[in-house]
There are 2 protein chains.
Amino acid sequence: MELRAYYASLALEELISFLLEGGDVALLDATNSNVDRRNYIASRCSSLGFHVLYLESICDDPELIHKNCLSKLQNPDYKDRSPDEALADFYQRLENYKLNYEPLDKERDRESSYIRLFNVGEYIVANHCNGVLESDVVSYLLNTHLVPRKIWLCIHGETDFTRRGILGGDPPLNQNGAEFARKLHDFIRSRGKDNVTILCDRSLRVAQTVRPLAGDYNRCTLLRELNGGDYARMTYQEIKERYPEEYMKRKRNKLEYRYPDGESYLDVKDRLSPVIMKIVSCRDNVLIVGHVAVIRILLAYFMDKPIASIPDMEVKMHTVYELDPTAYCHEAVPYEL
Amino acid sequence: MELRAYYASLALEELISFLLEGGDVALLDATNSNVDRRNYIASRCSSLGFHVLYLESICDDPELIHKNCLSKLQNPDYKDRSPDEALADFYQRLENYKLNYEPLDKERDRESSYIRLFNVGEYIVANHCNGVLESDVVSYLLNTHLVPRKIWLCIHGETDFTRRGILGGDPPLNQNGAEFARKLHDFIRSRGKDNVTILCDRSLRVAQTVRPLAGDYNRCTLLRELNGGDYARMTYQEIKERYPEEYMKRKRNKLEYRYPDGESYLDVKDRLSPVIMKIVSCRDNVLIVGHVAVIRILLAYFMDKPIASIPDMEVKMHTVYELDPTAYCHEAVPYEL
């Protein structure tokens, strides 16, 4: 037990260093399941002026517990053990945790910020969770779920603009693009049964890409392409020739570069938050047909990649990226159509 | 009591008509404080396929109760009565309510969707509130508060573009605009003490307008002006001459009109949701310096105007609109500087 406490304090100190170096939010994912441990965290953090929000996830539904244990078999801790052995070990772990478990308490913890989540958000209690960040955490927990489903991401089909490297505009699909739309229909129908929620923006090329799929589209301008501002309808070559300084500024920092009177990747990331919540929340399969920058950001989010990697995420034309969102899987499987 | 039940059922039927005619969300703000009444609502709604979410607001903090009673003096019910009389009447009302009050119950209502809010969101319980709409309601309730503060809204100072009616671009303030920036500083300092949170976008004209105020700005591209797309840097006169059909389309329906490869008022409204939550949540005074379409939308929201009225909201240059958000006040007081 002493060794455990030692490692727990190491983790806490690492977290504190991160915050002291300018980090905004840090998660301490550890077994903080007794009062002493939580008091230690609280006193260490409050002395430094950091606000602590406890998150307690309670599960008393035997079926959910069993499913959760099964999903833990993919946990790296168990990679060298047989499924039966791993399962037995995990149930034993649960029994051990129970011995020392002291839940958050309405009276004792009345001054603390905490969220108690029962059976994956079916019932939730939040104390002193006022403010945008805290309420966003509550909101995320209410939307997240364990229902198995697929998420498919792709760019619209080819247009004469994409072929010639022209930014922006509202061009129609060309022949290649129209063929992709048909193949996309066949692909989704072959994999997706009928329960597919389709999210797309209002551009013509995206509308034409999803049209063969029929059904209800969720059209949302938040999914529109990164706005090229004054450089809309130009090619990178033209920008390089006419605005070499801007071209170099973009080359040096694609993530933060904002087109004159347009957007940056970070701007698009900000406006996509409500869309991400919608995708997280959806219990159907979801297909998102978008544009390069938008799909890069969504892929980076669901594949758990760092923000800095967004502009370099590989997103190919006429390729569907399939995600199978679970706790231990952040792979995107590409299907070239 | 029978008359009360009659009026309550009238209100419910009116709400049901609204939903049957295509309404998405309706609020039944009534004394649904006993089990029978709630069961009646639930059975009536579920037979029509409408989902019911109960919202129970519980207050047991005597100080909050007193403040709330005081604020009720502004309620139209009490406009002809003396403050003492009104207050006594309201406390008596509370006693009467208590006689029939049957709270939501964890066991009895375990299959229902409900939110129980204690002392203005200090503590909150949510049952079956999964999904985007339900979690947005929870989020709103966690962010809303009764702390008195002011909200100031204004457009950036004048630029040569605004003077000549040119859309978009990133022009600097002209001399009039710079003078407004100085006056805005004096105005805010004279009214706002020091606790002012400033929200603005990243355009030059807005940055120059808030610069004299110094302090911390919250820069957020979600507050950028309605995107004129292909018509950026044109005047309405030019649009009329070069694209008469588009000009007429916009004239006929300003609310839904979307500039080619640009945005509509409704698009901007959608992207402003997280900003509105930030403003609602803020317990400081807030100053938002924005652009015409953005300020129209924010004013319409805080003045509780219908969406259709957004494009016609009066928003003058060099004028600060002051809001004093309370339950019974949706006035914006204009200060011409």
List every residue whose amide H lies under 5 Å from the amide H of B:Asn218, counting only residues 5 or more places away in sequence or on a different chain, with H placed 1.01 Å from N in the peptide plane.
B:Ile198, B:Leu199, B:Cys200
With one decimal in nm and the nearest listed first, the spacings from A:Leu255 to its own position in the other copies, using label points 7 Å along Cα-to-Cβ, are 4.1
Between the Cα axis of helix B:292-302 and the main Cα principal axis of chain B, the angle (0 to 90°, nearest 10) is 10 degrees
Between the range B:248-294 and the range B:214-241, what's the alpha-carbon centroid distance in Å?
11 Å
Summed residue charge, Cβ within 15 Å of B:Arg211's Cβ, Lys/Arg positive, Asp/Glu negative
+2
Using helices alone, what [θ] at 222 nm do you get for the protein assembly as shown, with -39,500 (n - 2.57) per DSSP H run of 4 or more residues, divided over all residues and rounded to the nearest 500?
-13500 deg cm²/dmol
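If Lys and Arg each add +1 and Asp and Glu each add -1, what is the summed charge of the other residues whose beta carbon sits under 9 Å from the beta carbon of B:Pro260?
On the way: positive: B:Arg258; negative: A:Asp170, B:Asp230, B:Glu246, B:Asp261.
Net charge around B:Pro260: -3.
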Roughly how crowded by other chains is peptide B:220-229, in terms of the mean Cβ count from those chains within 10 Å of each of its Cβ atoms?
4
Inter-copy distances for A:Ser17, label 7 Å out on the Cα-Cβ vector, sorted ascending, nm, one decimal, are 6.8
Taking the range A:1-143, how much of its Cα-Cα pair set, in percent, is spaced more than 20 angstrom apart?
57 percent
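Take every DSSP beta bridge whose two residues both sit in chain B, then give the antiparallel share in percent to the nearest 5.
Details: 16 of 35 bridges.
Here the share of antiparallel DSSP bridges comes out near 45 percent.
From the cross-link list A:Lys67/B:Lys278; A:Lys67/A:Lys305; A:Lys72/B:Lys269; A:Lys183/A:Lys269; A:Lys98/B:Lys106, which pairs have alpha carbons spaced over 32 Å apart?
Numbers: A:Lys67/B:Lys278 38 Å; A:Lys67/A:Lys305 27 Å; A:Lys72/B:Lys269 43 Å; A:Lys183/A:Lys269 29 Å; A:Lys98/B:Lys106 24 Å.
Those over the limit are A:Lys67/B:Lys278; A:Lys72/B:Lys269.
Please identify the GluC sites (Glu not before Pro) of the range B:238-321 that satisfy two criteria: DSSP loop assignment and at most 11 other Cβ atoms within 10 Å. Which are they?
Values: sites: B:Glu238, B:Glu241, B:Glu245, B:Glu246, B:Glu256, B:Glu263, B:Glu314; in loops: B:Glu256, B:Glu263, B:Glu314.
Sites meeting the loop and neighbour criteria: B:Glu314.
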Shape parameters for chain A, alpha-carbon atoms, Rg then Dmax in Å:
23.6, 70
Rounded to whole Hz, the Karplus (6.51, -1.76, 1.60) HN-Hα couplings of the range B:161-170, x for glycine and proline
5, 4, 4, 8, x, 8, 7, x, x, 9
Hey, what do the phi angles of the range A:77-88 turn into as Karplus ³J(HN,Hα) couplings, whole Hz, using 6.51/-1.76/1.60 and θ = phi - 60°, x for Gly and Pro?
3, 10, 5, 9, 10, 5, x, 4, 4, 4, 4, 4
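Among the DSSP beta bridges whose two residues both lie in the range B:151-336, what percent are antiparallel, rounded to the nearest 5?
The antiparallel proportion sits near 45 percent.
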Beta carbons within 10 angstrom, averaged per residue: use that to sort the peptides A:302-308, B:194-200, highest first.
B:194-200, A:302-308
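For peptide B:117-125, compute the average count of partner chain beta-carbon atoms within 10 Å of each residue's beta-carbon. Intermediate values should be presented prior to the final figure.
Values: counts 0, 1, 0, 1, 5, 6, 8, 10, 6.
For this peptide, the per-residue mean of nearby foreign Cβ atoms is 4.
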Quick one: with label points 7 Å out along Cα→Cβ, list the inter-copy distances for B:Gln74 in nm, shortest first?
5.3
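Only bridges with both residues in the protein assembly as shown count here: give the DSSP antiparallel percent, nearest 5. All intermediate terms of the calculation are to be shown ahead of the outcome.
Numbers: 37 of 75 bridges.
Here the antiparallel bridges make up roughly 50 percent for the protein assembly as shown.
What does the net charge come to around A:His330 if you take all other residues with beta carbon closer than 10 Å to its beta carbon, with K and R at +1 and D and E at -1?
Working: positive: A:Lys305; negative: A:Asp304, A:Asp324, A:Glu331.
Result for the neighbourhood of A:His330: -2.
Ignore the peptide's own chain and count Cβ atoms of other chains within 10 Å of each Cβ in A:135-147; give me the average, rounded.
Mean shielding by partner chains, rounded to a whole number: 5.
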In degrees rounded to 10, the 0-90 angle between helix A:175-192 Cα long axis and the longest Cα principal axis of chain A is 30 degrees
Search the structure for amide H atoms under 5 Å from the amide H of A:Asn285, placed 1.01 Å from N in the peptide plane, and list their residues when 5 or more places away or on another chain.
A:Lys150, A:Thr197
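Which value, in debye to the nearest 20, gives the size of the charge dipole of the range B:17-57 about its Cα centre, when Lys and Arg are +1 and Asp and Glu are -1 at the Cβ?
Values: 3 positive and 5 negative charges, 33 e Å.
My answer is approximately 160 debye.
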Which of the peptides A:284-296, B:99-111 is most tightly packed, and how do the rest follow, going by the mean number of other Cβ atoms within 10 Å of each residue?
A:284-296, B:99-111
In whole Å, what is the distance between the alpha-carbon centres of the range A:15-81 and the range A:111-188?
26 Å
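We did not get these values from a lab; they are worked out from the coordinates using the rules stated. As the structure is a computational prediction, the values presented were derived from the model and not from experiment. Methodologically, a virtual Cβ is constructed for each residue, glycine included, from the backbone with ideal geometry; neighbour enumeration extends over all protein chains shown.
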